[in-house]
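Input: a single structure, listed below in structure tokens.
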Amino acid sequence: MAAATAGLPELVGGERNWDYRFTWVRDGSFSVHALLGLGFTEEAEAFGRWLSDRAEEQAGQAEGSGPLKIMYRVDGSSDLEEESLDHWEGYAGSKPVRIGNGAADQLQLDIYGELLDSVWLADRHGIRVGHSGWIKLAQLTDWLCQHWDQPDEGVWETRGGRQNFTYGRLMCWVALDRMVRLAREHGRPADLGRWVGERDRIYAQIMERGWNPRRGAFTQHDKTQVLDASLLMMPLVGFVVPTDPMWLQTLEAMDDELVSDSLVYRYDPAASPDGLRGHEGTFSICTFWYVDALARSGRLEQARLAFEKMFTYANHLGLYAEEIGQTGEQLGNFPQAFTHLSLINAAITLNHQLDHGPGGMTWNS
């Protein structure tokens, strides 16, 4: 599950209160990365089978959210209808208290990249996809070839309308790139000409529309100059070289606008309305992505300082919620799986870079 709780607010007294007691495809895919990075191959394989079952069901296609739902109950069912419990006061008066999650029916194109990246990484560790599984994954890939170039709700599940989010495009590129690699390496049936062509179209579009020359950085989507911390994933997935001037300019822009004393905001809601009132704290997953990106870009001492400083915000058990407030308090549902998965992956990257020096770790290590 994304967390064991529901209704714990991202802003005390505000309306950013969600039910996180479900399994997101995105979180699950990052779980596979973390498990494999720590050597828990059997656990990663077991959870990979759970994800594969969801892919084989093709549950959401008829409802417009794509072949996959973005989240499921732990038993694999997808009935997550959202309702507000108006008779509940909520934590510290934070209303409404929501049960279920309406984001389940959103279109979030990035999930296909996260899923297929975890399949590709599992393959690197000897966990192979069988014939029936490959056919389903190929069908997902064919669907993505046809549907990637459209607005979606994005990784942050905004309720302010669909946009051509750069992160969604980035992860669609990842999905096609990983499937091309798997097909070539194992000689699996694939429409390689189409997959390669669409992958390269996505790359070109990100470089043309995702890059904002006036801002001097990659931005949240093609109609804004707003930065988005999800793009810290660009070097992590191998889309850009960590020392590319375009990436370094983006990282510096994030330093100036999204980073506060090494803690990272995901974006500025005032500049990029997300359909909800109020502000929020820094997003801890983004802080750990920041550590990872800094380490890969050669800023090792800064990465280490940011990483160790984050330890001071954990509770007495070393656990984190989703966000950190302005006075250092934990905000949002708890404990947040996303946060701890990014902590593990950042630790692995930083440890490797400190041992071998900048450039010692490739994007697919």
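Points worth noting:
- Residue in the stretch 250-260 that is crowded, with 17+ Cβ neighbours inside 10 Å and either more than 21 Å from the chain's Cα centre (by Cα) or under 30 Å from Leu137 (Cβ atoms) (or both) present: no
- In the stretch 230-261, residue nearest to Ile202 (Cα to Cα) [restricted to those that are at pLDDT 95 or above and small (Gly, Ala, Ser)]: Gly238
- Which listed residue is in contact (Cβ under 8 Å) with a residue 40 or more places away in the chain, closer than 21 Å to Gly133 by Cα, hydrophobic (A, V, I, L, M, F, W, C) and surrounded by fewer than 21 Cβ atoms within 10 Å (Cβ to Cβ), from Val32, Val12, Val25, Val74: Val74
- Considering Gly298, Gly359, Gly278, the condition of being at pLDDT below 95, more than 22 Å from Leu35 (Cβ to Cβ) and surrounded by 15 or more Cβ atoms within 10 Å (Cβ to Cβ) is satisfied by Gly298 alone.
- Each residue in the stretch 165-192 was checked for being over 21 Å from the mean Cα position of the chain (by Cα) and among the charged types (D, E, K, R), and 5 of them qualify.
- Test: residue in the stretch 102-118 that is among the polar types (S, T, N, Q), farther than 25 Å from Phe165 by Cα and modelled with pLDDT under 95: no
- Per-region count, the stretch 35-48, residues in a loop (DSSP other than H, G, I, E, B) and without any contact (Cβ under 8 Å) to a residue 24 or more places away in the chain: 2
- Within the set Leu68, Leu137, Leu51, the sole residue that is farther than 27 Å from Gln330 by Cα, in contact (Cβ under 8 Å) with a residue 60 or more places away in the chain and part of a loop (DSSP other than H, G, I, E, B) turns out to be Leu68.
- When Gly160 is tested against (1) in contact (Cβ under 8 Å) with a residue 12 or more places away in the chain; (2) touching a Lys or Arg at 6+ places or on another chain (Cβ under 9 Å), exactly one condition is not met: (2).
- Checked against the criterion of being under 25 Å from Val119 (Cα atoms), β-branched (Val, Ile, Thr) and without any contact (Cβ under 8 Å) to a residue 24 or more places away in the chain, the candidates Val196, Val237, Val155, Val174 yield just one match: Val196.
- Qualifying residue in the stretch 82-99 (condition: within 18 Å of the chain's Cα centre (by Cα), in a loop (DSSP other than H, G, I, E, B) and either surrounded by fewer than 18 Cβ atoms within 10 Å (Cβ to Cβ) or small (Gly, Ala, Ser) (or both)): no
For (1) under 19 Å from Lys136 (Cβ atoms); (2) aromatic (Phe, Trp, Tyr); (3) modelled with pLDDT under 95; (4) buried (at least 16 other Cβ atoms within 10 Å of the Cβ), each residue gets a yes or a no:
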{"residue": "Arg159", "(1), (2), (3), (4)": "no, no, yes, no"}
{"residue": "Gly168", "(1), (2), (3), (4)": "no, no, no, yes"}
{"residue": "Val174", "(1), (2), (3), (4)": "yes, no, no, yes"}
{"residue": "Val180", "(1), (2), (3), (4)": "yes, no, no, yes"}
{"residue": "Arg194", "(1), (2), (3), (4)": "yes, no, no, no"}
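- Filter pass, Ile127 being in contact (Cβ under 8 Å) with a residue 24 or more places away in the chain, over 30 Å from Tyr265 (Cβ atoms) and over 16 Å from the mean Cα position of the chain (by Cα): yes
The values are calculated or read from the model by the stated rules, or taken from the named source; none is laboratory data. Everything numeric in this text was worked out from a predicted model, so none of it was measured. Note: ideal-geometry Cβ built from the backbone for every residue, glycine included; neighbour counts use all protein chains shown.
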